[in-house]
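The values are calculated or read from the model by the stated rules, or taken from the named source; none is laboratory data. It should be emphasised that the depicted structure is a prediction, and the values quoted were computed from it without experimental measurement. For neighbour counting, all protein chains shown are included, and Cβ atoms are generated from backbone atoms with ideal geometry for every residue, glycine included. Surface areas here come from the heavy atoms of the whole protein model, side chains and all, with no ligands, DNA or RNA. Shrake-Rupley method; radii C 1.70, N 1.55, O 1.52, S 1.80 Å.
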Amino acid sequence: MLRREYRVRENEFVLGILSRKKPDRLHKNLIHAMKKISFMENLYLFVVGRGESKIEIETLVKDLGIDSKVKFLGYRTEDLAEVFASFDAHVLLAEGNDGTCRAFLQAMASGNALLSPKIGALGEANIEGVTGYHFNSNNSDSIASAIQKIFSNSLLNEFKQNARNRAVSHYYQDKPFLETKKIYLNIITGQTQ
């Protein structure tokens, strides 16, 4: 189990980010937010991914003195289900290259509560106060505040379940196929919606 491997107990809170490490993904803003709330006990950040900003982000964590709170898990492919299972909440600060935010949808399906800006696919997937919270990804105070809210929220388990339910009801992989099939069947049978 990843929590055991990184010496994080089950009753401690793990915020996770699975994202390519590059400047436009705004990892540095998240790291600065973690510094602002580093006084919070039992709160850890698991950083998963690879990318051209890897060394810069790891150096920033050390320079800020929060390397005991931030764990770098590297690039993972074979154990993604275990990675997501180790998170209590998943955070993304920006959409991916294609705008679909696959990691966010995987996190939802895994039952992670959500933290994100209210932009594009992230804002659509994450419903404020239902699946998690929104923040301004260019403002580390805003990010820190959202982390504090979800960390201390008694509704965390409800957010996790709501995120999972939303993933299944809105983003189930066969849903587009089934909707297209329904349209064709309506055309063939002459029914209109």
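Remarks
- Of 73, 93, 156, the residue with the greatest mean-square motion in the GNM of the chain, using alpha carbon springs below 10 Å, is 73.
- Rounded if a/c under 1.5, otherwise prolate or oblate - region 56-113, Cα gyration tensor axes: prolate
- Taking a sphere under 10 Å around the Cβ of residue 76 and counting the other residues whose Cβ falls inside, with K and R at +1 and D and E at -1, yields a net charge of -2.
- Exceeding the 18 Å Cα-Cα cut-off - candidates 35/118; 22/69; 35/69; 21/149; 71/118: 35/118; 22/69; 21/149; 71/118
- Check: region 1-131 dipole with +1 on Lys, Arg Cβ and -1 on Asp, Glu Cβ, in debye: 300 debye
- Take the chain with all the other protein chains still there, run a 1.4 Å probe, and you get 53 Å² of accessible area per residue.
- Relative to the dominant Cα principal axis of the chain, helix 140-151 is inclined by about 70°.
- Degrees, to the nearest 10: 27-36 long Cα axis against longest axis of the chain: 50 degrees
- Between the exposed loop cleavage positions of the chain, defined as GluC sites (Glu not before Pro) in a non-H, G, I, E, B DSSP state with at most 13 neighbouring beta-carbon atoms within 10 angstrom, the longest gap is 79-193.
- Shape category assigned to region 19-155 from the gyration tensor of Cα positions, a/c cut at 1.5: rounded
- Cα gyration tensor shape for region 105-174, rounded if a/c is under 1.5, else prolate or oblate: oblate
- A simple rule links phi to the HN-Hα coupling: the Karplus curve 6.51 cos²θ - 1.76 cosθ + 1.60 with θ = phi - 60°, which for region 10-16 gives 4, 8, 9, 8, 10, 8, x Hz, with x for Gly and Pro.
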